[in-house]
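Novice: One structure coming up, written as structure tokens, with questions to follow.
The values are calculated or read from the model by the stated rules, or taken from the named source; none is laboratory data. What you see is a predicted model, and the numbers here were worked out from it, not measured in a lab. Positions of Cβ are backbone-derived with ideal geometry, glycine not excepted, and every protein chain shown enters the neighbour counts. These accessible areas exclude ligands, DNA and RNA; they are computed on the full protein's heavy atoms, side chains included. Shrake-Rupley method; radii C 1.70, N 1.55, O 1.52, S 1.80 Å.
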Amino acid sequence: MRLSRRTLLSSLAGSALALGAGTGTGHAAGARGPAAPDPAARALARLLPRHTGQVTFRAPADAADRDRDRDRFRVSGGAGRILVEGTTPAVQLTGFHWYLRQVAHAHISWAGEQTALPATLPAVPAPIERSAGVTHRFAFNDTNDGYTGPYHDWAYWERELDVLALHGYNEVLVYLGADSVYHRTFLQHGYDDAELRAWLPGPAHQPWWLLQNMSGFGGPLSRQLLDERAELAVRVVTRLRELGMSPVLPGYFGTVPPGFTDRDPEARVVPQGVWGGFPRPDWLDPRTDSFARVAQTFYDVQTELLGAAPAYKMDLLHEGGTPGDVPIGDAARAVETALRTAHPGALWTILGWQNNPHREIVEAVDTTRLLIVDGLSDRFPSVTDREKSWEGTPYAFGSIWNFGGHTAMGANTPDWASLYEKWRTKPDSALDGIALMPEGADNNPAAFALFSDLPWTDGPLDLQEWFRQWPRYRYGADDPHAALAWDVLRRTAYGTTRADSWSEGADGLFGARPDLNVLAAAYFSPHQLRYDAAEFAKALPALLAVAPALRTSSAYRYDLLDVARQTLSNRSRRLLPDIRAAYTAKDTQRFASLTGEWLRDLDLLERVVATDRGHLLGRWLADARSWGATAEEKGRLEYDALTLLTVWGPRAAADDGHLRDYANREWSGLVGGLYTLRWRTFFDTLTTALTTGRPPAPVDWYALEDTWVRTHPPFATEPRGDIVKVAGEVSRTLGLG
């Protein structure tokens, strides 16, 4: 639901009144009447409305006498009288979620939940006390607003923020509203409304514009869309502050629209070349007075719209950006000066990725007010000494367990368990945070929960014990079949390590542009499965054998879908070499049989993912269309959203830039639509070649893909089918039991 500006301002005024009336510490409301529920209680009312009266949230009694830099919680109380003490409302919710898991055997996640609680909440046998081992618990990749859902509404964001609080996060990257900030900024620097709205990309592609990689594609944006996105951004940052969490906003480091020197002849810009087939926006030399003026406008506009933030994220010269003849250190100092002028106490947050941050940046700026969110902690085995690499700059241990929002299960959890505590406790450690940074969120719930537990775990995390407890609260009770399934998953998809220089699992070949020798769907993805597929497949019949009473939760059904989907996806890597061998041998009968199996598996995969709303392409596209005010705008926004998951952009980006299928998903509509169309077309050309003895006819794959993107049929927006029945069919079809 999106609100009119008048309704929004009324809502925000109400929130401010509520915050002034009662903050969870028992402050009286005076003449305004009884104190409003505190933010943690309001969140609990949203999440568990039947149990809100049984939980009291408050700040620790000794809060004034303790080091407030160390977040902590304590949960105690008898049946139906649970007391949660925590340093912020968000930390109080974190404590309550630990109680749910450890005592009530319940669980709330961004991908399925299990909340079959008794009418009276059980007593706490012994107080649950935890403190955060690090200051920063940072959430979201720069790409999150693209790959997770650029067209989500407030209902989505409200729950997402609640879930992040339950899992202990206190810093959230917010890119929403940045388009309005840039638009309003450059209106004051000589540009007109129409040319700025044409420069802004569609919402699905805006993260890469904010990284200075591209502009324009998917636009132009309407004023109505800009205003509604700004309104949503205000709601998001307001809720974060209510919960005691910090928005991390984009800072200004020099991106300018085309023709900036025509408006400001004294300005000096550095062309940035091409990224992924897209022309990059120009970079305004930060050493100039022109930069200082634009930065001041930017921060003034941003603060007026979204308020000041304690941290700002900026990545200079991201993924191939060029400094030209501008010394990087001087540029960094100027960018820092602009930030400090606008927000003296703010933290500069920067991504640890490829050459980021350049050594010249680290050497030039005040590193005591710099935080590096490391995207490579669990990827390359050569990453061993971040203190040396970044000269003692504070950093957050990070993970990017998928790229493009791939649906593959798994993560390098052994590395998390061994490296995080080792790096945090070593002498002179600069590690002071975690950074949850999958390129697409709302997936891999076990990875989400485990990674989130790292700062709240005393000492090294026991991986085997963690996975032993996980199905108990994930499904509501102990079950031997669930325990077996998750032990299999622990040793396979969640047992990979960075030893092979990857942090994500291999994507499936069903989503690949067809070729008999293809090894990955996305150009940049692993070429081999990183665990034993036959061993992984044992988890499917085990999950299907879980007691019927534990199968009703969305958590169980999500996991069953994920395992069934991954089992089919893994099969593509065994089947394609057999198809290639049959074609090479010119065995037409075997080729027909094997390609028939391939297409059957695609159909079965489509039926699996069609059972869940979160796996529906139709839902993704309907969300995009809902933001359009006219039929033309609805179609433009749908195109923006769909290209991101398929061709990504024009032919140069798809083919020369290798971006096509970068964000491939095993989703209903993609599997049964584009992916099936491509493979059926391919097999038909090979069959014709076998029967005629001629070489296969070439296929212009981009033309086929782009035509499908523009002319596809309607897709379902509601799930269909029963995952328990469909997963059982997968298990029987593959001979798993």
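Novice: Looking only at segment 344-358, filter to residues that are under 25 Å from GLU439 (Cα atoms) and not in a strand (DSSP E or B); which one of those is least open to solvent (accessible area, probe 1.4 Å)? Please lay out each step first, then the result.
Specialist: From segment 344-358, those under 25 Å from GLU439 (Cα atoms) are 347-358; that's our starting set.
Now restrict to residues that are not in a strand (DSSP E or B): 354-355, 357-358.
Working: GLN354: 115, ASN355: 115, PRO357: 10, HIS358: 36 Å².
The selected residue is PRO357.
Novice: Determine if segment 371-380 includes at least one residue that is surrounded by fewer than 24 Cβ atoms within 10 Å (Cβ to Cβ), out of contact with any strand residue (DSSP E or B) (no Cβ under 7 Å at 6 or more places or on another chain) and of a type outside the set (Lys, Arg).
Specialist: Yes, segment 371-380 has at least one match.
Novice: For the condition surrounded by fewer than 20 Cβ atoms within 10 Å (Cβ to Cβ) and either of a type in the set (Asp, Glu) or at pLDDT below 95 (or both), what is the one hit in ARG81, ARG46, ARG68, ARG74?
Specialist: Residue meeting the stated conditions: ARG68.
Novice: Continuing with the same structure: Being of a type in the set (Ser, Thr, Tyr), part of a helix (DSSP H, G or I) and in contact (Cβ under 8 Å) with a residue 24 or more places away in the chain is the filter here; which residues of segment 703-736 pass it?
Specialist: SER731, THR733
Novice: Name every residue in segment 416-432 that is over 22 Å from HIS107 (Cβ atoms), hydrophobic (A, V, I, L, M, F, W, C) and in a helix (DSSP H, G or I), in order of residue number.
Specialist: LEU419, TRP423
Novice: For segment 165-198, how many residues are part of a helix (DSSP H, G or I), in contact (Cβ under 8 Å) with a residue 12 or more places away in the chain and of a type outside the set (S, T, N, Q)?
Specialist: As a first pass, look at segment 165-198 and keep what is part of a helix (DSSP H, G or I): 165-166, 178-187, 193-198.
Of the ones still in play, those that are also in contact (Cβ under 8 Å) with a residue 12 or more places away in the chain are 165-166, 178-186, 193-198.
Narrowing further to those that are of a type outside the set (S, T, N, Q): 165-166, 178-179, 181-184, 186, 193-198.
Of the residues in that region, 15 qualify.
Novice: Something else about it: Just to be sure I understand, how many residues within segment 443-487 are acidic (Asp, Glu) and part of a helix (DSSP H, G or I)?
Specialist: Count: 3.
Novice: If you don't mind, there's one more thing I want to ask. Show the residue pairs meeting these rules: Cβ distance below 6 Å; 6+ apart or different chains; first residue within segment 510-524 and in contact (Cβ under 8 Å) with a residue 40 or more places away in the chain; second residue open to solvent by 40 Å² or more (accessible area, probe 1.4 Å).
Specialist: Sorted first by the residue in segment 510-524, then by its partner, the pairs are LEU516/ARG580; TYR523/HIS658.
Novice: Can you name the number of the only condition in (1) within 15 Å of VAL163 (Cβ to Cβ); (2) open to solvent by less than 10 Å² (accessible area, probe 1.4 Å) that ASN443 fails?
Specialist: Failing condition for ASN443: (2).
Novice: If you don't mind, another one. Looking at (1) touching a residue at least 60 places away in the same chain (Cβ under 8 Å); (2) open to solvent by 50 Å² or more (accessible area, probe 1.4 Å); (3) in contact with a Leu (Cβ under 8 Å, 6 or more places away or on another chain); (4) closer than 30 Å to PRO696 by Cα, which one does GLN528 not meet, given that it meets all the others?
Specialist: It fails just one condition, (1).
Novice: In segment 668-722, how many are of a type in the set (Asp, Glu) and either more than 38 Å from the chain's Cα centre (by Cα) or exposed (fewer than 15 other Cβ atoms within 10 Å of the Cβ) (or both)?
Specialist: Qualifying residue count, segment 668-722: 4.
Novice: Still on this structure, please answer the following. Got a sec? Which of VAL269, VAL256 is without any contact (Cβ under 8 Å) to a residue 24 or more places away in the chain and buried (at least 21 other Cβ atoms within 10 Å of the Cβ)?
Specialist: Checking each option against the conditions leaves just VAL269.
Novice: Please verify whether segment 646-653 includes one or more residues that are of a type outside the set (Lys, Arg), more than 22 Å from PRO207 (Cβ to Cβ) and either touching a residue at least 24 places away in the same chain (Cβ under 8 Å) or in a helix (DSSP H, G or I) (or both).
Specialist: no
Novice: Still on this model: Among the numbered conditions (1) open to solvent by 30 Å² or more (accessible area, probe 1.4 Å); (2) of a type in the set (Val, Ile, Thr); (3) within 29 Å of ALA545 (Cα to Cα), tell me where THR425 comes up short.
Specialist: If we test THR425 against (1) open to solvent by 30 Å² or more (accessible area, probe 1.4 Å); (2) of a type in the set (Val, Ile, Thr); (3) within 29 Å of ALA545 (Cα to Cα), just (3) comes out false.
Novice: Shifting gears a bit: Which of (1) in contact with a Ser or Thr (Cβ under 7 Å, 6 or more places away or on another chain); (2) of a type outside the set (Asp, Glu); (3) open to solvent by 10 Å² or more (accessible area, probe 1.4 Å) is the odd one out, the single condition PRO480 does not satisfy?
Specialist: Failed condition: (1).
Novice: To continue, here is another question. Restricting attention to segment 585-616, which residues are closer than 23 Å to PRO695 by Cα, surrounded by fewer than 17 Cβ atoms within 10 Å (Cβ to Cβ) and either in contact (Cβ under 8 Å) with a residue 24 or more places away in the chain or touching a strand residue (DSSP E or B) at 6+ places or on another chain (Cβ under 9 Å) (or both)?
Specialist: LYS586, THR588, ALA592, LEU599
Novice: From ASP179, ASP153, ASP142, which residue is charged (D, E, K, R), at pLDDT 95 or above, under 20 Å from LEU305 (Cα atoms) and surrounded by fewer than 24 Cβ atoms within 10 Å (Cβ to Cβ)?
Specialist: Going through ASP179, ASP153, ASP142 in turn, just one is charged (D, E, K, R), at pLDDT 95 or above, under 20 Å from LEU305 (Cα atoms) and surrounded by fewer than 24 Cβ atoms within 10 Å (Cβ to Cβ): ASP153.
Novice: Out of PRO150, PRO201, report the one residue that is out of contact with any Lys or Arg (no Cβ under 9 Å at 6 or more places or on another chain), closer than 30 Å to THR94 by Cα and in a loop (DSSP other than H, G, I, E, B).
Specialist: Numbers: PRO201 fails: closer than 30 Å to THR94 by Cα.
Exactly one of PRO150, PRO201 is out of contact with any Lys or Arg (no Cβ under 9 Å at 6 or more places or on another chain), closer than 30 Å to THR94 by Cα and in a loop (DSSP other than H, G, I, E, B), namely PRO150.
For (1) touching an Asp or Glu at 6+ places or on another chain (Cβ under 9 Å); (2) over 21 Å from LEU642 (Cβ atoms); (3) modelled with pLDDT under 95; (4) not β-branched (Val, Ile, Thr), each residue gets a yes or a no:
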position: ALA581; (1), (2), (3), (4): yes, yes, no, yes
position: ALA585; (1), (2), (3), (4): no, yes, no, yes
position: GLN589; (1), (2), (3), (4): no, yes, no, yes
position: THR595; (1), (2), (3), (4): no, yes, no, no
position: LEU602; (1), (2), (3), (4): no, no, no, yes
position: ALA610; (1), (2), (3), (4): no, no, no, yes
position: ARG613; (1), (2), (3), (4): yes, no, no, yes
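Novice: Mind listing whichever residues of segment 174-202 are aliphatic (A, V, I, L, M) and within 17 Å of ASP282 (Cβ to Cβ)?
Specialist: Within segment 174-202, LEU196, ALA198, LEU200 qualify.
Novice: Output the qualifying pairs, or none if there are none: Cβ atoms under 9 angstrom, residues six or more apart or on different chains, first residue in segment 491-506 and modelled with pLDDT of 95 or more and outside any loop (DSSP other than H, G, I, E, B), second residue aromatic (Phe, Trp, Tyr) and open to solvent by 40 Å² or more (accessible area, probe 1.4 Å).
Specialist: So the pair list comes out as ARG498/PHE380.
Novice: Sort out for me the strands (runs of 3 or more DSSP E) sitting completely within segment 55-125 that have 3 or more residues that are farther than 18 Å from GLY244 by Cα.
Specialist: Ranges flagged: 72-78, 81-86.
Novice: Which pairs do you get when a residue that is part of a helix (DSSP H, G or I), found in segment 668-681, comes within reach of a residue that is acidic (Asp, Glu) and open to solvent by 40 Å² or more (accessible area, probe 1.4 Å), reach meaning Cβ atoms under 9 angstrom, with the pair 6+ apart or on two chains?
Specialist: Note: pairs meeting the criteria are VAL671/ASP603; GLY672/ASP603; THR676/ASP603.
Novice: Of the residues ALA396, ALA435, only one is of a type in the set (A, V, I, L, M, F, W, C), over 15 Å from the mean Cα position of the chain (by Cα), under 19 Å from PHE138 (Cβ atoms) and assigned to a strand (DSSP E or B); which?
Specialist: ALA396
Novice: In this structure, is GLY95 open to solvent by 10 Å² or more (accessible area, probe 1.4 Å) and of a type outside the set (Lys, Arg)?
Specialist: Criteria not met by GLY95.
Novice: Further, regarding this structure: Of the conditions (1) surrounded by fewer than 18 Cβ atoms within 10 Å (Cβ to Cβ); (2) at pLDDT 95 or above; (3) not β-branched (Val, Ile, Thr), GLU319 satisfies every one except a single condition; which number is it?
Specialist: Single failed check for GLU319: (2).
Novice: Hey, another quick one. From GLN224, GLN188, grab the single residue that is touching a helix residue (DSSP H, G or I) at 6+ places or on another chain (Cβ under 6 Å) and surrounded by fewer than 18 Cβ atoms within 10 Å (Cβ to Cβ). So that I can check it myself, show each step before the final result.
Specialist: Working: GLN224 fails: touching a helix residue (DSSP H, G or I) at 6+ places or on another chain (Cβ under 6 Å).
So the residue among GLN224, GLN188 that is touching a helix residue (DSSP H, G or I) at 6+ places or on another chain (Cβ under 6 Å) and surrounded by fewer than 18 Cβ atoms within 10 Å (Cβ to Cβ) is GLN188.
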